[in-house]
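Data block below; observations after.
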């Protein structure tokens with residue numbers, strides 16, 4: 001039986017939907033699920049119209065979400081995917097069957113969420129209760145739930161926007177399986193100033209009745225792993241621990257793939273057989289889950305994606321309650337796109353974008369760069385633009401040593417760090433920029449005809465993508 005909106009929604013254009021979302025930006029980030037829960041009840045529970053999985057983590061969660069959706073789609077399920085933020089257009093945040101929903105469907109879903117919010121606020125006012133702050137992300141998340149319900153999807157893959165405990169996606173009442181990719185220091189003003197505090201916020205998505213995968217980035221330090229294992233025990237969940245396959249010498253003999261700790265828990269692993277020999281080359285790797293081994297999987301991706309794909313395989317198998325069909329898994333992995341993640345937007349001269357925006361994701365990006373071009377002096381230009389509320393010094397420290405030439409720019413984001421200030425940070429790390437530009441398009445024009453990598457923020461990657469892929473605008 002399909003889902004139907006319980007009330008009429010007026011026709012809304014895409015631009016009007018964007019204006020509605022912009023108006024909600026004034027509420028910032030609100031640590032409460034009450035507004036989303038109330039809106040979903042007003043909408044007669046669109047989130048209960050399908051089954052759901054949820055992914056949290058500091059880095060890798062978007063790629064893991066995309067691969068999970070790709071694997072479930074390959075298994076024949078109609079799959080919705082909710083990720084954030086977008087590279088170019090807001091409707092990219094909601095996909096069905098591997099494609100962004102139309103701008104018309106997006107506008108309709110936002111209008112439904114907005115109307116639900118109006119009704120909730122009116123009801124609270126009638127009861128003499130204080131109003132809710134309904135944030136932009138609240139509206140977007142409820143809109144996604146409506147879009148998926150009206151489309152009749154079988155399963156929705158939900159990426160946490162931030163944290164986990166108070167993330168709007170956590171208001172969904174049909175979540176059956178969760179995964180946490182890893183932990184790093186990000187959004188510290190909101191989530192906490194230590195890895196353990198941040199881990200606790202993300203661990204909150206591990207709840208009774210849910211299966212759980214703990215990705216490779218949750219293993220260290222031990223104090224962080226302890227946070228997740230404690231939460232899992234309290235929830236009565238038995239987590240699958242995903243770890244890189246390594247050689248152990250615990251008994252005097254080299255044994256392959258033997259977990260070093262927690263032998264009472266199910267383990268999964270991945271092993272890289274072959275790294276890409278060039279940008280756009282093939283990554284070959286194995287994934288072993290508690291149910292099977294998938295040997296010689298292939299992806300036109302850098303080495304760091306092996307951990308994300310392995311996490312997605314484990315999560316998909318947990319959700320299905322069975323092993324994936326190997327042939328379908330191979331197809332699902334090969335065909336899954338990862339926009340903005342080591343993403344070639346122009347083949348010649350090569351233009352590569354990456355959405356790395358904190359020290360941990362920069363490290364992953366630079367590892368991939370080193371894999372395909374070990375010689376620093378042969379690497380292309382770097383176009384860098386960052387947001388002021390990120391760890392700018394940590395980002396620049398890493399990037400300045402990795403590229404022979406750099407240009408600085410400023411994204412269109414209101415949170416952007418001015419290019420001149422970014423240049424000063426590069427100089428503090430011994431790198432004199434070749435150029436300083438007030439916008440990303442101007443920097444791209446200056447580099448026209450030269451190979452370059454663009455990174456530093458998600459908005460940087462998106463602005464370059466829009467130049468080379470005008471259909472995304």
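Each reported figure results from applying straightforward, stated rules to the coordinates on display, with no laboratory input. Owing to the predicted nature of the structure, the values given are computational and were not obtained by experimental measurement. In this analysis, Cβ positions are derived from the backbone assuming ideal geometry, glycine residues included, and neighbour counts consider all displayed protein chains.
Here are some notes:
- Mean separation of Cα contacts under 8 Å (6+ apart) over length of the chain, as relative contact order %: 14
- Annotation for residue 194 and residue 226: the two label points, set 7 Å from Cα along the Cα-Cβ direction, are 1.0 nm apart.
- Amide N proximity, the range 301-328 versus residue 278 label position 7 Å along Cα-to-Cβ, cut-off under 16 Å: 301-302
- The chain - share of DSSP beta bridges that are antiparallel (%, nearest 5): 35
- Relative contact order for the range 343-472, counting Cα pairs under 8 Å that sit 6 or more residues apart, in percent: 34
- Extension gain from residue 446 to residue 102, taking 0.36 nm per residue of separation minus the Cα-Cα distance: 120.5 nm
- Here each label is just a point 7 Å from Cα along the line to Cβ, and for residue 300 and residue 393 those points are 4.1 nm apart.
- Across the range 1-116, the mean sequence separation of Cα contacts (distance under 8 Å, 6 or more residues apart), normalised by length, yields a relative contact order of 34 percent.
- Model label sites at residue 234 and residue 123, defined 7 Å from Cα along the beta-carbon direction, differ in position by 3.0 nm.
- Highest mean packing first, where packing is the average number of other Cβ atoms within 10 Å per residue, the peptides 146-159, 430-443 line up as 146-159, 430-443.
- DSSP finds beta bridges in the range 343-472, and of those with both partners inside it, around 30 percent are antiparallel.
- In the chain, helices alone account for a calculated mean residue ellipticity at 222 nm of -11500 deg cm²/dmol, with every DSSP H run of four or more residues adding -39,500 (n - 2.57).
- When you work out D = kT/(6 pi eta Rh) for the range 343-472 at 10 °C and 1.306 mPa s, using the Kirkwood radius from C-alpha pairs as Rh and the Stokes-Einstein form, the result is 112 µm²/s.
- Segment residue 26-residue 378, length gained on full extension (0.36 nm per residue, minus Cα span): 122.2 nm
- By average C-beta atoms within 10 angstrom, highest first, the peptides 458-464, 226-232: 458-464, 226-232
- Its alpha carbons give the range 384-423 an Rg and a Dmax of 9.8, 29 Å.
- Which of 353, 467 has the fewest Cβ neighbours within 10 Å, and the rest in rising order: 467, 353
- Proportion of all alpha-carbon pairs of the chain beyond 42 Å (%): 15
- Stretch gain in nm, segment residue 322-residue 48, where the contour uses 0.36 nm per residue and the Cα spacing is subtracted: 96.4 nm
- Sorted on the mean count of surrounding Cβ atoms within 10 Å across their residues, most packed first, peptides 447-455, 421-429, 4-12 read 447-455, 421-429, 4-12.
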